[in-house]
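Please treat every number below as a calculation from the coordinates, not as lab data. Note that the structure is a prediction, hence the values are computed from the model and not measured. Reconstructed Cβ throughout: ideal geometry from the backbone, glycine too, with neighbour counts over all protein chains shown.
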Amino acid sequence: MPPAVPTLKEPRWNNTGTLQGADLLVNYHTFSNSGTLLGTSGLGVKGSSLLQNGTGRLYSAGNLLLDAQDFSGQGQVVATGDVTLKLIAALTNHGTLAAGKTLSVTSQNAITNGGVMQGDAMVLGAGEAFTNNGTLTAGKGNSVFSAQRLFLNAPGSLQAVAM
């Protein structure tokens, strides 16, 4: 049998410190993060509402999954592998969403980027509008953007590495 994945299950949790594990899984209803979660092999964060302030950090030395109804979009969400955000509510990102491999961000509603989104490949899908006022940076991987409406505003930038 494979070893059990360390899982933290709480209805409400306010993290101001550091929590580290190999394959770390956090299940919550309401989670407020101004500290650090580090998965040395992988990190999964699942629940209803994640309020991450500017000092909040979600890090993984492998893949990172954030599956939530609502995410505040501040602080840092970074992995050396894939980063996958599956959201229901609209996302307004003012932080850093970065993947060493594929950054995948999907929302059933709108996505507004005022921070940094980057990955070797990027899959960005909004059920409504996708608005970029920040920085989108894609590497040599294939990238796909899908939305009802796509706005690349003057303060924003879109960069891609030539093949």
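Laid out as a table, the results:
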{"quantity": "Distance in nm between pseudo-label sites at residue 53 and residue 158 (7 Å out along the Cβ direction from Cα)", "calculated": "3.5"}
{"quantity": "Unit charges on C-beta of K, R, D, E only; dipole of the range 7-160, Debye", "calculated": "40"}
{"quantity": "Shape category assigned to the range 41-88 from the gyration tensor of Cα positions, a/c cut at 1.5", "calculated": "oblate"}
{"quantity": "Antiparallel DSSP beta bridges within the chain, percent to nearest 5", "calculated": "0"}
{"quantity": "Simple label model, 7 Å out from Cα along Cβ direction - residue 18 to residue 151, nm", "calculated": "4.0"}
{"quantity": "q = 0.14, 0.18 Å⁻¹, the range 46-118: log10 I(q)/I(0) [Debye, one scatterer per Cα]", "calculated": "-0.34, -0.59"}
{"quantity": "C-alpha center-to-center spacing [the range 1-80, the range 103-124] in angstrom", "calculated": "18"}
{"quantity": "For the range 7-160: relative contact order, % (alpha-carbon pairs under 8 angstrom, 6 or more apart)", "calculated": "13"}
{"quantity": "For 130, 151, order by how many other beta-carbon atoms lie within 10 Å, fewest first", "calculated": "151, 130"}
{"quantity": "Cβ-based exposure ranking for 29, 94, in which fewest neighbours within 10 Å come first", "calculated": "29, 94"}
{"quantity": "Residues 65, 91, sorted so that the one with the fewest Cβ neighbours within 10 Å comes first", "calculated": "65, 91"}
